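The values are calculated or read from the model by the stated rules, or taken from the named source; none is laboratory data. In this text the structure is predicted, and so the values were computed from the model without any measurement. Here the Cβ positions follow ideal geometry from the backbone for every residue, glycine too, while neighbour counts run over all protein chains shown. Accessible surface areas use protein heavy atoms only, side chains included; no ligands, DNA or RNA. Shrake-Rupley method; radii C 1.70, N 1.55, O 1.52, S 1.80 Å.
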Amino acid sequence: MANVAVIGTQWGDEGKGKIVDLYAGKADVIARFHGGNNAGHTLVVKGRKTILHLIPSGILHDDKICIIGNGVVFDPSVFLQEINELQESNLLPPNTRLLISERAHLIMPYHRSIDQAREARTSGKKIGTTGRGIGPAYEDKVARTGIRVGDLYEENLFREKLRYNLEEKNFLLKNFYNDTPLHEDEIATQYLTFAQKIKSYVADTSLILDKEIRQGKKVLFEGAQGSHLDVDHGTYPYVTSSNTVSANASCGNGIGPNTINKVVGICKAYTTRVGEGPFPTELKDEIGNHMQRIGQEFGATTGRKRRCGWLDMVLVRHAVRISGINALAITKLDVLTGLEKLKICVGYNCSDNQMTHSTPASIKVLAECQPIYEEFDGWKEDILYAREMNELPTNAKKYLKRLEELAEAKIILVSVGSSREETIFLEDPFLSRTL
Ligand code: GDP
Ligand code: IMO
Ligand code: MG
């Protein structure tokens with residue numbers, strides 16, 4: 001049996017939530033390892049839509065362990081709200097355990113304020129962040145001034161850390177950003193109340209995960225964001241503040257890299273991006289509007305319209321390389337139905353050379369790259385009801401075959417609609433170890 005990591009191959013919103021929910025049925029443990037509530041993972045079960053930001057997308061299944069790992073930046077108010085919503089909708093299964101690493105860093109109110117104040121600066125370069133405080137929380141973690149979930153249970157230490165941080169952050173907010181300073185006592189009271197409410201979930205999750213793995217249990221690592229939002233490998237600085245690649249599933253959960261045996265890349269049948277940054281295959285025409293409208297491409301976290309464009313296989317190949325992706329799940333193929341002609345970007349013409357397997361490190365060069373396209377005939381038949389490859393129109397199969405060749409990774413799932421059933425399963429990722 002394999003442990004599986006699910007990774008976005010593009011700029012996020014590839015449909016990871018749907019695939020993690022599907023695979024969670026076969027897993028014992030589902031673990032997030034990075035990011036925070038900047039993520040918006042959509043699950044459609046029995047016609048009901050659930051959007052999860054922080055809680056792992058395995059939560060709708062009974063008898064699982066869902067872990068928020070040490071690599072996640074954790075906003076307790078969002079967590080409690082999410083739990084509340086699930087409880088109110090009767091969606092929390094009785095035997096599923098939800099755990100939060102005591103080592104996860106907390107997102108504090110000043111992180112949100114700084115994130116938003118920075119983005120609001122007219123002279124600054126906007127990243128188009130989700131405004132959830134993700135970047136500033138990771139900054140403090142690396143600066144060694146962050147406050148961790150476990151610190152909430154050492155009240156004196158927590159208050160001391162809060163005071164130390166707030167002195168600096170309030171100076172910045174007041175004098176640099178012209179913003180409202182925050183009150184120490186209010187934050188302390190609020191967070192110490194959260195502490196009691198989340199206490200039963202807090203644990204040494206690395207130890208628990210290790211025990212499960214030793215017992216041969218199946219673990220599903222749930223990536224957030226996408227490969228090209230990775231802080232090292234993405235379109236820096238238009239990225240998020242964590243490593244989104246598969247290797248971080250190990251670091252962000254406190255288990256060895258050899259425990260991840262299979263990496264499934266989630267690839268939308270076209271490309272989208274939210275926020276700023278270069279996007280070589282972006283379409284600002286009727287076809288882009290078709291993808292946006294039919295694919296309902298609105299951010300699950302911020303509601304912003306997602307930018308849309310042709311499938312860019314340079315991005316996907318780059319993602320395959322940096323995460324060791326050895327299987328692909330293709331999503332939203334149905335959104336391309338009805339388009340007369342389809343294009344796949346197979347390379348870039350960049351200054352005086354061609355790039356096919358890697359995006360340039362310089363965003364200036366990337367912004368100037370000209371996509372090299374191959375053109376395909378589209379299909380008109382509704383594919384929402386396809387459950388086998390041979391039920392897909394010939395042209396859809398040709399499109400997928402070329403995608404698979406270019407990616408040099410096997411397609412093991414094709415999603416043709418947002419609900420669980422609207423899926424073509426080709427191979428069970430837990431059954432083979434390919435790394
Ligand atoms: P994630 O962040 O990668 O989990 O993706 P999001 O949930 O932000 O965005 C994906 C959107 O596409 C959601 O609204 C899903 O319900 C929807 N979706 C997922 N797979 C499919 C599919 O195959 N077809 C269609 N039409 N929608 C899909
Ligand atoms: P899921 O998990 C798409 C983008 C933001 C912005 C940049 C930095 O749903 O795929 P941040 O708030 O992280 O500092 O913002 O990253 N971004 C996402 N885009 N899907 C996501 O998550 C994203 N999480 C962050 O739009 O461009
Ligand atoms: Mg999303």
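When the residues of region 206-223 are filtered to those that are part of a loop (DSSP other than H, G, I, E, B) and out of contact with any Ser or Thr (no Cβ under 7 Å at 6 or more places or on another chain), which remaining residue is surrounded by the most Cβ atoms within 10 Å (Cβ to Cβ)? If we take residues in region 206-223 being part of a loop (DSSP other than H, G, I, E, B) and out of contact with any Ser or Thr (no Cβ under 7 Å at 6 or more places or on another chain), then Lys218 is surrounded by the most Cβ atoms within 10 Å (Cβ to Cβ). Scanning region 155-190 for residues that are under 27 Å from Glu102 (Cα atoms), in a loop (DSSP other than H, G, I, E, B) and in contact (Cβ under 8 Å) with a residue 24 or more places away in the chain turns up just one, Leu182. Taking the numbered list (1) farther than 19 Å from Ile213 by Cα; (2) within 13 Å of ligand 1 (Cβ to nearest atom); (3) open to solvent by less than 10 Å² (accessible area, probe 1.4 Å) in turn, Asp75 passes all entries but (2).
If you go through region 371-380 one residue at a time, do you hit one that is at pLDDT below 95 and either β-branched (Val, Ile, Thr) or part of a strand (DSSP E or B) (or both)? No, region 371-380 has no match at all. Taken over region 229-250, residues that are within 16 Å of ligand 1 (Cβ to nearest atom) and either open to solvent by 50 Å² or more (accessible area, probe 1.4 Å) or among the β-branched types (Val, Ile, Thr) (or both) amount to 4. Please find, among Lys343, Lys284, the residue that is more than 16 Å from ligand 3 (Cβ to nearest atom), at pLDDT 95 or above, open to solvent by 20 Å² or more (accessible area, probe 1.4 Å) and assigned to a strand (DSSP E or B). Step by step, each of Lys343, Lys284 is checked, and only Lys343 is more than 16 Å from ligand 3 (Cβ to nearest atom), at pLDDT 95 or above, open to solvent by 20 Å² or more (accessible area, probe 1.4 Å) and assigned to a strand (DSSP E or B).
Any chance you could count how many residues in region 287-309 are open to solvent by less than 10 Å² (accessible area, probe 1.4 Å), in contact (Cβ under 8 Å) with a residue 40 or more places away in the chain and either farther than 20 Å from Lys16 by Cβ or within 12 Å of ligand 2 (Cβ to nearest atom) (or both)? So the count comes out to 1.
Listed here are the residues, each with its yes/no results for (1) crowded, with 20+ Cβ neighbours inside 10 Å; (2) without any contact (Cβ under 8 Å) to a residue 60 or more places away in the chain.
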| position | (1), (2) |
| --- | --- |
| Val20 | yes, no |
| Ala24 | yes, no |
| Val44 | no, no |
| Ile55 | yes, yes |
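Which members of region 369-381 meet the condition of being of a type outside the set (A, V, I, L, M) and surrounded by 13 or more Cβ atoms within 10 Å (Cβ to Cβ)? Those that are of a type outside the set (A, V, I, L, M) and surrounded by 13 or more Cβ atoms within 10 Å (Cβ to Cβ): Cys369, Pro371, Tyr373, Glu374, Phe376, Asp377, Gly378, Trp379, Glu381. In region 104-122, the residues that are of a type in the set (S, T, N, Q) form Cβ pairs under 8 Å with partners that are surrounded by 22 or more Cβ atoms within 10 Å (Cβ to Cβ) and not in a helix (DSSP H, G or I), at six or more places apart or across chains, as follows: Ser113/Gly133. Considering region 182-205, and only residues there that are under 19 Å from Asp115 (Cα atoms) and open to solvent by less than 50 Å² (accessible area, probe 1.4 Å), the residue that is farthest from the chain's Cα centre (by Cα) turns out to be Leu182.
Given (1) touching a Gly at 6+ places or on another chain (Cβ under 9 Å); (2) closer than 25 Å to Ser57 by Cα; (3) open to solvent by 10 Å² or more (accessible area, probe 1.4 Å), identify the lone condition not met by Val335. Status for Val335: all satisfied but (3).
Annotation: of all residues in region 91-132 being under 24 Å from Gly69 (Cα atoms) and of a type in the set (S, T, N, Q), the one that is surrounded by the most Cβ atoms within 10 Å (Cβ to Cβ) is Ser101. Of note, Arg387 satisfies the criterion of being assigned to a loop (DSSP other than H, G, I, E, B) and touching a strand residue (DSSP E or B) at 6+ places or on another chain (Cβ under 9 Å).
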